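The block underneath contains the structure these notes are about, expressed in C-alpha cells.
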Amino acid sequence: MSSEIDIKYVADLARLDLSAEQAEKLQQELGRVVEYIAELGEVDVTGVEPTAHAAQLTNVWRQDEAKSSFPREVMLANAPGIVHGDLIKVPRVLPSEEE
Amino acid sequence: MDLKKSTIHALSRNLKDGVFSSEELCREYLKNIDNRDSEIGAFLEIDRENMLNAAKAADIRRQNGQALGDFDGIPIAVKDNICVRGERCSCASKLLEPVKSPYDATAVELLKKQGFIPFGRLNMDEFAMGSSCENSAFKQTKNPLDTSRVPGGSSGGSAACIAADFAPAALGSDTGGSIRQPAAFCGVVGVKPTYGRVSRYGLVAFASSLDQIGPLCNDAEDAGIILDAISGFDPHDSTTLPDPAGGYADAARKGAASGSLTGLKFGLPKEYFSGGLSDAVAKVMDETIAKIKALGGEIVEVSLPHTKYAVAVYYIIATAEASANLARFDGIRYGSRQEANGLVDTYYKSRGAGFGDEVKRRILLGTYVLSSGYYDAYYLRAQRVRTLISRDFEEAFKQCDLLLTPVTPQVAFKFNEKSDSLQMYLSDIFTIALNLSGHCGISIPAGIDEATKMPVAAQLMAPALGEKVMLEAAAAFMK
C-alpha cells in the first residue's frame, strides 16, 4: 500500500487551511506515521469482528418526553456574531449577484 | 497550615473538627498558587471570587449543621476540557478560547452535590492531544519536581497541580494514558476508570470510544472518594454503564488497613517487560515485584500478544474519532471565528488559525484513515485488531486478578526532548491498550530514579468494573 498522503485533498476534506510550508511538513510527518500504522497489515484478522466501543452497550433507550432545554440567550452568549437579536450571524452562503 | 501532600480524607476531618474553615483552606491553596504557579504554570485561569464564595457558603452550611457531606468545602481543580458552568472551557485551544460553559459536566455537578468546590482551569495539551503539555496553545506547564522536565500529558496541569500542592485533587481525562502518564511523571496517583463508569457529559470529546474522566490525587482512598462521587449511570451519556457504582473509598480504606496483598494474583505481561525500559524503570519494577511478594501477593507471568500493535491501532481509532468530533469546531456557533469571504472559507480560516500543529496532524490522519479507499485497510482493520487486543486482556484476567506493568518506559523527559511526533506517540505504549480494551487502571508512585531523582510509577490494571479490587490493592501497596 502506498504511504503517500495527498495532503491537499485530505486537508480539503477536513476544511483545514494550511500554508504551503505547513502542508509540506505535515506531508512528511504523516508519511512516517502512515508507514508505521501500515504494519497492521501483517495481522491475521480473518473472521474477527470489529470493536467500535469497549462498553458493548446496544440500544440504549429513554422515554420520549419533551423537556425544556437551555434558554436561547445562554446558548447564543458564545456565538461570534448575533443579528436581529437572537440569530447567529454567518458569512454569505451563496455568492452575491454581482459576483 | 501545611498542605504538603494533603489528602481529602485528612482535610475533611480537620474541617469537621473545626481546625480550619473551608475559606481558610482555599486561601491557603491560593497562597501556594500565588507563590509558585508563575513558575509551574499549572493553571490557565482561576476564578478566585467564585471559589472563595463557594467556600464561605460551605462554612455557613457546616456552622448550621447542614453540611452537604464529609467533603463540603474541599477544593478540587479541573482540567480545561471539562465544563464548569459560567467558567471558560478552552481545551487549551485558541479556537475555543472565548467559550464559556453554559452547564456543568455531570462529574462536576456530582462533585458540587457533595460540597466539593471545583475551581480553576488546568493546562493541558490542546484538545488532550499530547504527552507532555507542550501542545497547549497558551503556556508551558513545568514538572514541579524538576522544572527542566515536562509534567506529562495531556493532563499535565492536573498532575503538576497535585505535585505542587495547589489542590488536594484534580479531575483529568484519559484517552490513551492522559491521566496515568502525567501522574507517573509527577509522582501522584491517577486513575482511568472502566469505560462507561464515569459520564462523559460535559467532557469535550476527543475520541469518544476511549475518553474517560478520572481523578489525580495523593492516595488511593482519595481516588476512591472522587470515584464514589462521580461514577454511575447518567441519562446524558448513553455509554455510561447501568451497573451499581460506589464503595471505592471503602475498598481503599480496607486495603490501607490490612496492608496485605495475600490472595491476590498479579500478572506480569511479558511484552511490557521485554526491552525498551530504562534502567531506572526496570529497577523500580523489580523492587515493586519484590514488595508485592513480601506483602503476600502472588506473581504470575501472562501474555498480551498483540501489544506491539496497540500504538498503531490507537493512532488510527483515536484520530478517526477526533477528526469527526472536531468537525463541529467551525467558528460559526461558538469559538473564535476568522472573518472570510463566504461560509466555506470561514471554516477553512477559522480551523486553520484556531488549531495548533498537533491537532491539525491528528485531524488529517483521522480524515485520511476514514477516507474513501483507505477505510477498510486502516480504520476497519484497526477495529478488528482492537478486538484482538481486548481478547488478550480477557484471557490474561482469567489467570490473575490484576496486571502489573510500568506506566512509562522512562521518567519525565526534558522539554523539546521528543520533537518527533511518532517518537512521542510510541512513549504511550504501556497506557493506550487499556483505553482500547476499556478496562480500568491506576498509576501509583513506586520508587525514585537515583540518577534524576524523578519518580517512577507502577500501573495496576483490573478487569472491567474492577475498580474496588484495584484500589484495595493500590492502597495496601502504598501503605
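Bear in mind that the values in this text are calculations on the coordinates, not laboratory data. Computed from a predicted structure; not experimentally measured. Heads up, the Cβs are rebuilt from the backbone with ideal geometry, glycines too, and the neighbour counts pull from every protein chain shown.
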*Relative to the longest principal axis of the C-alpha atoms of chain A, give the angle of the C-alpha long axis of helix A:20-37, reported between 0 and 90° and rounded to the nearest 10°.*
50
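How much length, in nm to one decimal, is gained on full extension between B:V344 and B:E394, taken as 0.36 nm per residue of separation minus their Cα-Cα distance?
Details: separation 50, 0.36 × 50 = 18.00 nm, distance 4.68 nm.
That works out to 13.3 nm of additional length.
Just tell me how shielded B:431-442 is by partners: mean number of partner chain Cβ atoms within 10 Å of each residue's Cβ, no decimals. Before the final figure, lay out the partial values.
Numbers: counts 0, 0, 0, 1, 1, 2, 2, 5, 1, 0, 0, 0.
That works out to 1 on average.
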*asked:* I need the phi-derived Karplus couplings for the range A:6-19: 6.51 cos²θ - 1.76 cosθ + 1.60, θ = phi - 60°, integer Hz, Gly and Pro marked x.
replied: 7, 5, 5, 5, 5, 5, 5, 4, 8, 6, 10, 7, 10, 6
*Is it possible to state the helix-based mean residue ellipticity at 222 nm for the protein assembly as shown, with each DSSP H run of 4+ residues giving -39500 (n - 2.57), the sum divided by total residues, to the nearest 500 deg cm²/dmol? What is it?*
-11500 deg cm²/dmol
_Sequence-distant residues sharing a close amide H with B:F119 (under 5 Å, placed H)_ = B:I76, B:A77, B:V78
*State, as an integer percentage, the relative contact order of the range B:179-222 based on alpha-carbon contacts under 8 Å between residues 6 or more apart.*
45
*Which of the peptides B:246-253, B:311-318 is most tightly packed, and how do the rest follow, judged by the mean count of other Cβ atoms within 10 Å per residue?*
B:311-318, B:246-253
*Relative contact order for chain B using alpha-carbon pairs under 8 Å, separation at least 6, rounded to a whole percent?*
17
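To make sure I understand, if each residue's beta carbon is the centre and we count other beta carbons within 10 Å, what order do B:T387, B:T141, A:T46, B:T319 fall in, fewest to most?
Numbers: B:T387 19, B:T141 35, A:T46 6, B:T319 27.
Fewest-to-most Cβ neighbours within 10 Å comes out as A:T46, B:T387, B:T319, B:T141.
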*asked:* Please list, ordered by chain and number, the residues whose modelled amide H lies under 5 Å from the amide H of B:G247; skip anything fewer than 5 residues away on the same chain.
replied: none
_At 0.36 nm per residue, and after removing the present C-alpha to C-alpha distance, how many nm does the segment from A:H53 to A:Q28 gain when stretched out fully?_
5.9 nm
*Once the Cβ-Cβ distance between B:A377 and A:I88 is put in as r, and R0 is 45 Å, what FRET efficiency do you end up with, to the nearest 0.05?*
0.70
*Mean separation of Cα pairs under 8 Å and 6+ residues apart, divided by the residue count of the range B:346-479: what relative contact order is that in percent?*
22
*Obtain the nm distance between the two label points defined at B:A353 and A:D44 by a simple spin-label model: each point lies 7 Å from its Cα along the Cα-to-C-beta direction.*
5.5
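Can you give the average number of partner chain beta-carbon atoms within 10 Å of each beta-carbon in peptide A:38-48, as a whole number? If you can, show how the numbers build up before the last one.
On the way: counts 4, 4, 10, 4, 1, 10, 3, 8, 1, 1, 8.
Whole-number average of other-chain Cβ neighbours for A:38-48 is 5.
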*According to a simple spin-label model (label point 7 Å from Cα along Cα-to-Cβ), what is the distance in nm between B:L422 and B:F233?*
4.7
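Determine how many Å³ per residue the convex hull of the Cα atoms of chain B encloses.
Considering the Cα atoms of chain B, their hull volume per residue is 137 Å³.
When B:F329, B:F233 are ordered from fewest to most other Cβ atoms inside 10 Å of their Cβ, what list results?
By the 10 Å Cβ count, ascending, the order reads B:F233, B:F329.
Per residue of A:15-22, how many C-beta atoms from partner chains lie within 10 Å of its own C-beta, taken as a mean? Display every interim value, and only then the final one.
Values: counts 13, 13, 13, 5, 1, 0, 0, 4.
For this peptide, the per-residue mean of nearby foreign Cβ atoms is 6.
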*Considering the dipole of the protein assembly as shown built from charges on the beta carbon (Lys and Arg +1, Asp and Glu -1) around the Cα centre, which of A:H53, A:M75, B:A54 is farthest to its positive end?*
B:A54
*asked:* Using a Förster radius of 60 Å, what is the FRET efficiency between B:K283 and A:V60 based on their Cβ-Cβ separation? Nearest 0.05, please.
replied: 0.80
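Which length gain, in nm to one decimal place, applies between B:K308 and B:D146 when the Cα-Cα distance is subtracted from 0.36 nm times their residue separation? The partial results should precede the final answer.
Values: separation 162, 0.36 × 162 = 58.32 nm, distance 3.15 nm.
Residue separation times 0.36 nm, minus the Cα-Cα distance, leaves 55.2 nm.
Size of the dipole of the range A:1-41 about the Cα centre, Lys and Arg at +1 and Asp and Glu at -1 on the beta carbon, nothing else charged, in debye to 20? Mind showing how you got there, number by number?
Details: 4 positive and 9 negative charges, 17 e Å.
Computed about the Cα centre, the dipole is about 80 debye.
Do me a favour and compute the ellipsoid semi-axes for the range A:1-41 from its Cα gyration tensor, root of five times each eigenvalue, largest one first, whole Å. Intermediate results must be reported in sequence, preceding the final value.
Values: eigenvalues 84, 24, 10 Å².
Computed over the range A:1-41, the values are 20, 11, 7 Å.
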*Reachable aspartates and glutamates, given that their alpha-carbon falls under 16 Å from the alpha-carbon of B:K16 and they are not under 8 places away in the same chain*: B:E24, B:D59, B:D70, B:D72
*Using the number of other C-beta atoms within 10 angstrom as an exposure proxy, rank A:H84, B:H306, B:H236 with the fewest first.*
A:H84, B:H236, B:H306
